[in-house]
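Every number in this text was worked out from the coordinates using simple rules, so none of it is lab data. Not measured: the values here are computed from a predicted model. Here the Cβ positions follow ideal geometry from the backbone for every residue, glycine too, while neighbour counts run over all protein chains shown.
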Amino acid sequence: DQQVKQNSPSLSVQEGRISILNCDYTNSMFDYFLWYKKYPAEGPTFLISISSIKDKNEDGRFTVFLNKSAKHLSLHIVPSQPGDSAVYFCAASRLSGNTPLVFGKGTRLSVIA
Amino acid sequence: KAGVTQTPRYLIKTRGQQVTLSCSPISGHRSVSWYQQTPGQGLQFLFEYFSETQRNKGNFPGRFSGRQFSNSRSEMNVSTLELGDSALYLCASSLEGTAPDTQYFGPGTRLTVL
């Protein structure tokens with residue numbers, strides 16, 4: 001069973017517009033969420049995180065929104081740039097204990113100039 | 001600070017062989033986790049080591065094993081390779097291995113099983 005789901009395998013956005021990547025989770029015990037970005041031939045790099053005590057976290061062009069009641073989070077990139085073209089992974093964990101990260105399958109974002 | 005390094009970067013093996021992959025974490029990081037990435041499957045957790053002890057294990061067969069040394073370097077071993085083991089194997093290190101520690105990934109080892 002997939003505890004973290006990214007239902008869109010790919011997304012294309014024009015440069016300068018907003019990119020919205022979505023992620024759903026099923027395990028209500030998750031209270032810490034992260035986004036990673038992965039370029040080809042490189043390992044994933046950490047982008048932004050949010051804990052369940054917040055519903056929004058912003059870092060420059062990147063904002064993550066968390067809707068706990070819907071078990072849904074989204075990553076907004078504004079404005080999108082060609083260098084943002086990568087695969088984005090959503091991941092979930094728990095702040096207490098030692099819980100491994102559970103990743104979604106990823107969404108490939110293509111930003112078109 | 002040097003990042004996470006993994007060796008080798010690419011590996012080609014045949015079915016039935018075994019393979020050992022190596023991961024050197026960021027200096028000072030005591031937790032090392034291993035993941036398998038296959039097309040369309042995202043990153044699947046293999047196991048995590050902390051202070052030379054396996055602390056967590058994912059849902060993989062016993063052919064997949066690992067260990068961690070006193071300097072926090074880690075190795076993973078896959079015995080009796082199968083075609084389905086072809087994947088990108090990623091390791092990640094963090095300070096203590098507990099959220100909200102950030103996990104830093106290496107570039108991965110691309111394993112191809114023929």
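Here are some notes:
- Partners of A:K56 within straight-line reach, counting aspartates and glutamates whose Cα lies under 16 Å from its Cα and excluding those fewer than 8 residues away in the same chain: A:D24, A:D31.
- Note on B:I12 and B:N71: the extension gain reaches 18.4 nm, defined as 0.36 nm multiplied by sequence separation minus the Cα-Cα distance.
- 10 Å Cβ neighbours from other chains, averaged over peptide A:93-104: 5
- Computed about its Cα centre, the charge dipole of the protein assembly as shown is approximately 240 debye, with only Lys, Arg, Asp and Glu carrying charge at their Cβ.
- Choice from B:Q68, B:Q44, B:Q36 showing the highest fluctuation, given a GNM over chain B with Cα pairs closer than 10 Å: B:Q44
- Proximal aspartates and glutamates relative to B:K13, as straight alpha-carbon distance under 19 Å, when same-chain residues fewer than 8 apart are discounted: B:E75, B:E82, B:D85
- Sequence-distant lysines (8 or more away, or on other chains) whose Cα lies within less than 18 Å of A:K5: A:K37, A:K38, A:K68, A:K71, A:K105
- Estimated distance in nm for a label pair at A:S74 and B:N56, the labels positioned 7 Å out from Cα along Cα-to-Cβ: 2.8
- Computed E for B:T102/A:R17 - FRET, C-beta separation, R0 30 angstrom, nearest 0.05: 0.55
- Summing +1 for each Lys or Arg and -1 for each Asp or Glu among the other residues whose beta-carbon sits under 13 angstrom from that of A:P100 gives +1.
- The Cα-based radius of gyration of chain A, divided by its Kirkwood radius, gives an Rg/Rh of 0.96.
- Note on B:97-107: average number of Cβ atoms from other chains within 10 Å of each residue's Cβ is 6.
- Here region A:4-112 is assigned +1 on the Cβ of each Lys and Arg and -1 on the Cβ of each Asp and Glu. Its dipole about the Cα centre then comes out at about 220 debye.
- The residues packed around A:L109, meaning those with a beta-carbon under 11 Å from its beta-carbon, carry a net charge of +2 if Lys and Arg are +1 and Asp and Glu are -1.
- Nearest-0.05 FRET efficiency for A:R61 and A:T26, computed from C-beta distance (R0 30 Å): 0.55
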